[in-house]
Structures are given as C-alpha cells and as structure tokens.
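See below for the structure under consideration.
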Amino acid sequence: MIGIITYSAQFILLVVFQVLILNNVELVGYMNPYLYLIFILILPASMNRILLLIIAFVLGFTIDIFENSGGLHASATVLLAFIRPYLFALIAGPSSTELERMNIRTLGVGRFMLLAAIAVFIHHFWLFLVEAFSFRNLLQVIIRTFLSGLFTLFLIYLAQLLVYRKQT
Amino acid sequence: MRKLISFLVRYFTVITFLLLQAVAFVFIFKAQPYQRSTIYSLNAEWSGKALKAYNSVEDYLNLARINKNLAAENAALRAANKDAYFSLVVVKSEVVDTLYSRQYTYTEARVINYSYQKQNNYITLNRGLAHGVKPGQAVVANNGVVGVIKDVSKHYSTVIPIIHSKSLVSVKFKNNSFFGPLSWNGKTHRQAQMRDVPREAPIVIGDTIVSSTRSKAFPPGLNVGTVESFVQNTEDLSYEITVDLAVDFAALDFVYIIENQLKIELENLEAKLEE
C-alpha cells in the first residue's frame with residue numbers, strides 16, 4: 001500500500017517536473033531531456049507485464065496531453081515497457097526478477113547506467129523517428145537521439161545520486 | 001498444458017503491447033478533423049489551465065522584456081499614425097463615406113505554451129470560442145506572420161505555426177508578384193522554405209517575403225521574412241528559397257488573431273467554380 005502511494009507520488013512528481021521544467025529546457029535547439037522515462041525503470045522488476053504496459057501508456061499519454069503530441073510519448077513509453085523484461089534479463093542476468101528495485105545501489109553504477117543508456121536510446125530513437133515519420137531525415141533523428149539521450153542520461157545519473165547517495 | 005498457458009500469457013503481453021501501440025498511433029495519425037478537434041479542445045482546456053498557472057509566474061519574471069517589446073510596438077504604431085506624417089497633399093474636404101467596410105479584425109492574445117524544437121510544433125493561446133476565435137484564422141506577432149488557428153476550446157486555442165511539418169502558407173515577394181507556398185523542413189526554427197518559384201523570378205538575397213492574398217486568412221503584405229539563399233531545381237528549373245523568418249519562435253509573447261470577415265463570402269464564391 002505504501003509502495004503504491006510512493007510510486008504515485010513519483011509519477012506525479014516526474015510528470016510535473018517534465019512538463020513544467022524540462023519541456024522548457026532546450027540546449028542547442030536539439031537537446032530536450034525526457035527524464036520521465038526513468039519511472040518505467042524504477043518500477044519493481046517482478047511487476048505484472050500487462051500492468052506495466054498500461055502504466056507506461058498512461059504515463060506517456062499524460063506527457064502527450066501537455067505536449068500536444070497525440071500519442072507520441074505513449075508509443076515510445078509502451079515500447080520501452082515492452083522490452084524492459086528483456087533488458088533486465090540482459091543486464092542483471094536470470095536473477096533479475098528477484099531484485100525488487102533496479103537502481104544504482106542494487107545494480108552498481110556501471111550496470112545501472114548501462115541499463116539506463118540502452119533504455120534511453122531506444123525510447124528517444126523511437127520517439128524522434130515517429131515524430132519525423134520517415135527515414136528521409138534519419139541522420140537528424142540520430143543526432144537528436146544522441147544529444148537528447150546524453151542529456152537524459154546525465155539527469156538520470158543526477159537523480160539516482162540524489163536519491164541513493166551514501167548515508168554517512 | 002503448462003507450456004500452453006505460459007505461451008498464452010506471453011502472447012497476451014504481445015497483444016496488449018500491439019493494442020496500446022495501435023491506440024497511440026491512432027492518436028498520432030487521427031485523420032478525422034472532428035474527433036481531433038474535440039480531443040485537442042479537451043486537452044487545450046485543462047492542460048491550458050495548468051499551464052496558465054505556471055505562466056503567471058513566468059509572466060512576472062519576463063515583465064522587463066515584455067515591456068520593452070510593447071514599448072517598441074507602441075513606437076511603431078505611433079510612427080504609423082496619421083499624426084506622425086506631414087501631409088504633402090492639402091485635403092480640401094473630408095467625406096464620411098460608407099464605401100469602406102471593415103475586412104479584418106484583430107484580437108490580442110497571449111502565448112501560454114509553445115514549442116519550437118520539434119518537427120510538429122504547436123502554440124497555445126489564451127483566447128478561444130468565448131472571444132470569437134475560429135479555426136483557420138490567422139495569427140501574427142508584431143514583427144510578422146506566426147501561423148493559423150487549428151483547434152479552439154471555450155477559452156483556449158492552438159495554433160499551427162509556420163514551423164510545423166504540415167504548415168503551408170502562401171507567400172510572395174514584396175517587390176514583385178511572384179508567389180509560392182512556404183513550408184518547413186524541420187531543421188531550424190529560424191528558417192522556412194518557399195518552393196515552386198518560377199525561374200523567371202528575379203531573386204536577390206535579402207529580398208523581403210510577405211504574405212500573399214492567396215492565403216485567405218492573412219491580410220496581404222504582412223512581413224514573413226527575408227531571402228537567405230536559393231537553389232534551382234534541376235527538373236523544372238523552379239527555385240527553392242530559404243527564408244529567414246522575421247518572427248523568433250523561441251521568444252513569443254503577445255500575438256494578434258486576425259479574422260477576415262469577408263473570407264466566407266470569398267470561399268463561397270470560389271466554391272461555385274468547382275460545381
């Protein structure tokens with residue numbers, strides 16, 4: 001029960017932060033970070049996959065409503081949720097479902113950031129590809145994915161440090 | 001049996017995934033303008049409310065810049081006022097005449113949300129049905145053309161700016177009457193592309209591009225931008241011109257919504273040609 005409240009709070013916090021602050025951050029005209037996708041990564045690994053997909057859709061669609069982008073973020077976030085179990089198995093091995101939470105502390109900095117990097121680049125690539133809607137501008141899509149992806153990863157790292165900093 | 005069940009479970013996940021993707025893509029594609037407008041109106045209504053609250057804070061922080069812009073605009077308007085000119089012609093008599101009927105009305109509006117770094121950018125304005133805004137009306141800033149109203153809710157409206165991949169505005173040269181459609185290739189919010197300019201057109205870099213009468217929403221002669229460079233199409237020898245846009249879409253505050261009161265009359269007349 002406490003878990004649900006915590007996750008709901010994180011959901012709202014991430015959406016508010018994304019819509020009010022990050023959507024107004026643009027560097028070089030290309031870099032727009034999408035930190036909200038971290039929510040899909042921090043949900044419990046043992047979570048029901050159907051429920052995960054539905055939550056991902058709701059999350060993406062909420063962002064879409066504020067960005068006026070139809071179902072763009074919903075599509076990218078659902079894709080990320082769909083491949084998440086395979087990603088976890090790839091990064092954390094077969095024992096992945098035993099880990100309740102995936103974060104810097106349980107996985108270690110290296111493995112967690114690798115997980116985040118793959119997730120971010122798949123999500124961003126799909127997002128920018130569907131937005132451009134053709135392979136004509138593939139180079140531009142890749143540049144956008146790369147620049148925004150680096151920015152998002154940097155924010156994910158900061159967020160993780162902030163939440164899981166070593167208690168001294 | 002167990003294998004079968006696990007297979008079904010996995011299959012069910014894939015089905016859910018594909019279903020949700022399909023729903024997302026339906027929202028992306030949405031061809032029917034009606035559903036689209038109702039959904040976007042709803043969106044505009046309550047995301048508009050949330051963004052308005054945020055904007056009131058931002059407003060305060062931007063006051064200095066807005067004041068400066070308004071002062072500049074005031075100065076420009078005063079310069080355009082009749083009183084600012086010394087009349088070279090002695091007017092003998094003034095006739096109050098009914099020969100002129102008003103064609104364009106202007107409604108001031110505030111930009112409450114906008115994007116400029118995407119392929120499909122949108123602008124949200126704080127004016128809607130209640131203020132007489134209708135889809136298809138023109139939106140201009142004090143220095144040039146911004147775009148066209150797309151969806152309207154009771155208090156808000158959304159705009160397709162020039163920097164939208166599906167935006168199409170008819171423009172012409174200021175100093176001659178060659179015209180062409182202005183669209184956007186998605187690269188930078190400072191430039192758009194004018195296509196299909198005939199090869200006879202005398203183009204000089206720096207030429208001013210203005211709105212043409214062919215786009216019924218815009219009053220003719222509104223500033224759009226200047227010619228930055230041009231290339232000739234090898235097939236039909238027409239020119240494609242890169243236009244430096246006059247409006248900076250990264251810094252929009254106040255805009256005006258223009259209603260052409262004769263637009264319906266014009267469209268009805270032209271529709272008869274197709275019958």
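Quick look at the numbers
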item: Region B:71-127 - residue that is basic (Lys, Arg) and not in a loop (DSSP other than H, G, I, E, B) and, of those, modelled with the highest pLDDT; result: B:Arg110
item: Test: residue in region B:114-124 that is in contact (Cβ under 8 Å) with a residue 40 or more places away in the chain and surrounded by fewer than 18 Cβ atoms within 10 Å (Cβ to Cβ); result: no
item: Residue in region B:145-156 that is free of Cβ contacts under 8 Å to residues at least 60 places away in the same chain, in a loop (DSSP other than H, G, I, E, B) and at negative phi present; result: no
item: Set B:Val171, B:Val133, B:Val140: member being aliphatic (A, V, I, L, M) and part of a loop (DSSP other than H, G, I, E, B); result: B:Val133
item: Test: residue in region B:211-218 that is more than 14 Å from chain A (Cβ to nearest Cβ) and under 17 Å from B:Tyr239 (Cα atoms); result: no
item: Every residue from region A:115-131 that is more than 10 Å from every other protein chain (Cβ to nearest Cβ), among the β-branched types (Val, Ile, Thr) and crowded, with 18+ Cβ neighbours inside 10 Å; result: A:Val120, A:Ile122
item: Residues (without any contact (Cβ under 8 Å) to a residue 40 or more places away in the chain and assigned to a loop (DSSP other than H, G, I, E, B)) located in region A:68-90; result: A:Asn68, A:Gly70, A:Gly71
item: Qualifying positions in region B:196-219 - closer than 17 Å to B:Pro181 by Cβ and within 21 Å of the chain's Cα centre (by Cα); result: B:Asp196, B:Ile209, B:Val210, B:Ser211, B:Ser212, B:Thr213, B:Arg214, B:Ser215, B:Lys216, B:Ala217, B:Phe218
item: Residues within region B:224-275 that are of a type in the set (A, V, I, L, M), within 15 Å of the chain's Cα centre (by Cα) and loosely packed, with under 15 Cβ neighbours inside 10 Å, tallied; result: 2
item: Residues satisfying the stated conditions in region A:29-54, i.e. hydrophobic (A, V, I, L, M, F, W, C) and in contact (Cβ under 8 Å) with a residue 40 or more places away in the chain; result: A:Met31, A:Leu35, A:Leu37, A:Ile38, A:Ile40, A:Leu41, A:Ile42, A:Ala45
item: Top-ranked residue in region A:10-67 [being outside any helix (DSSP H, G or I) and more than 13 Å from chain B (Cβ to nearest Cβ); ranked as surrounded by the fewest Cβ atoms within 10 Å (Cβ to Cβ)]; result: A:Ser46
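Yes/no matrix, rows are residues, columns are (1) under 14 Å from A:Leu41 (Cβ atoms); (2) touching a Ser or Thr at 6+ places or on another chain (Cβ under 7 Å); (3) at pLDDT 85 or above:
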position	(1), (2), (3)
A:Val78	no, no, yes
A:Pro85	yes, no, yes
A:Ser96	yes, no, no
A:Thr106	yes, no, no
A:Leu114	yes, no, yes
A:Val120	yes, yes, yes
A:Thr145	no, no, yes
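The values are calculated or read from the model by the stated rules, or taken from the named source; none is laboratory data. Please read all numbers here as calculations on a predicted model, not as lab measurements. Ideal geometry is used to build each Cβ from the backbone, glycine not excepted, and the neighbour counts take in all protein chains shown.
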